[in-house]
Structure formats: C-alpha cells, structure tokens
1. When the dipole is taken about the Cα centre of the stretch 9-134, and only Lys, Arg (+1) and Asp, Glu (-1) are charged at their Cβ, what size is it in debye, to the nearest 20?
2. Beyond 19 Å, what share of the Cα-Cα pairs of the stretch 43-132 is found? Please give it as a whole percent.
3. Largest first and in whole Å, what are the equivalent-ellipsoid semi-axes of the stretch 1-158 based on the Cα gyration tensor, each being the root of 5 times an eigenvalue?
4. Sorting L119, L193 by accessible area (1.4 Å probe), largest first, what list results?
5. Under 14 Å from the Cβ of L55, count the other residues' Cβ atoms, weight Lys and Arg +1, Asp and Glu -1, and hand me the total.
6. Cβ neighbours within 10 Å, averaged per peptide: list 171-182, 154-165 in order, most packed at the top.
7. Quick one: check the C-alpha center-to-center distance for the stretch 145-187 versus the stretch 3-42, whole angstrom.
8. Quick one: accessible area per residue over the chain, 1.4 Å probe, rounded to a whole number of Å²?
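The values are calculated or read from the model by the stated rules, or taken from the named source; none is laboratory data. Keep in mind that what you see is a predicted model, and the values were worked out from it rather than measured. Because the Cβ atoms are built from the backbone with ideal geometry, glycine has one as well, and the counts that use them run over all protein chains shown. These accessible areas exclude ligands, DNA and RNA; they are computed on the full protein's heavy atoms, side chains included. Shrake-Rupley method; radii C 1.70, N 1.55, O 1.52, S 1.80 Å.
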Amino acid sequence: MAVLVSGEGTNLQAIIDAIDSGAIRGVTVDCVASSRPEAHAVQRAKNHGIATVILKKKELTDQLLEIFRKVDLVVLAGFLWILPPEVLGVRPIINVHPSLLPLFGGKGMYGERVTEEVLKSGMKVTGVTVHLVTEDVDAGPIILQECVTINEDDTPSTLLERMHPIEHELIVKAIKLFSEKKYKIEGKRVIFL
C-alpha cells in the first residue's frame, strides 16, 4: 500500500506497528508520500526503510498516478490535500476523519477545526470514521465508525488527542479488512462478507 501524510504520522506509525507485530499480515507499506517535506511522518517512514516521496502541487496528479499504479491500496493518514479527480478510482483509497461522518466533514474540515465545531455544536458524542474517498470530500462510503463521549472539560485539542488511539485502531482494522478483499459497496456503506 501507499500512505499519504502531512503531519506527525501517528496513524502511519500505528500501521507500521500493526504490520511489524503481525496484526496485519500480507501487507506492506511500499511508499509514504507527504505534502510537507518537514512532516515528522517522513522521518518515521525513513526510520523503517520505507521509500518516501515529497509531493508537489504542480505535479500532484502525475506523482500520485505513478504511486497508485504500483500499489493495491492507498491510505490517507492525516493527508491534508484534496486528491485530484484523475486519481480517484485507480485504487481503493481509505481516509480517517475525526468525526462521525457525514457530520463535520467537507473541505477545510480537518484536525482541531473539526473538534472545535463539534464542541460548538453542543453534541455529547462524536467519533472517528474511516471511509472510502470519492470526489465529494468526506462523503464516500463508510467503512468503520466508533463513538467517543465528549467530556465537559474537553477542548478541541484534548478531544482530538483522545480520538487518536481510536483512529489508529480503526485505520488498522480497515486495512486488514480491505487486504482480505471480502467486501462490497452498497450506496454509502461498505459491507464485509
């Protein structure tokens, strides 16, 4: 698989750890592509001997097509750029999002921006969603979701921090399910056989 990143790379590390521990079998991370050369995720990949690519906006479509054609699965793990439509459909693309989609998703909704809006809404529960990427941002078929209770003293950063372990767990589980290729898509749902 290829993993696309923009930041710290904690989801990437969870994937690497799951592969190393045998929690995911028959899967390798062949490439990590980053929108930011200074992203800590790039160093995490290098520390594990994984090939890295620094993406350039002007060459994005060509770079991604070259990467996607060499893998079976693409995972967006904290990747902040919207993918060009030309690369959609080449391979399945999984994304992890810090809310219960379809709530609090869409263009510009990532990281603490999401948890800030969740807290402003007064909701008592939020969660993590892993979904397939489509042209409509954060609107693809839902693979997995898990709820997180909002604490009275949560801030956007504390809420997001509490969601990270769930993101790690769900992204690993989704990769495992997709690697087994026993699923079908019905409308907005991914159904595992």
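1. Using only the charged Cβ atoms, the result is roughly 140 debye.
2. Considering the stretch 43-132, 50 percent of its Cα-Cα pairs are separated by more than 19 Å.
3. Computed over the stretch 1-158, the values are 27, 18, 15 Å.
4. The ranking, largest first, comes out as L193, L119.
5. Charge balance in the 14 Å sphere: 0.
6. My ranking of the peptides, most packed first, is 171-182, 154-165.
7. If you average the Cα positions of each part, the centres end up 16 Å apart.
8. Heavy-atom accessible area per residue stands at 51 Å².
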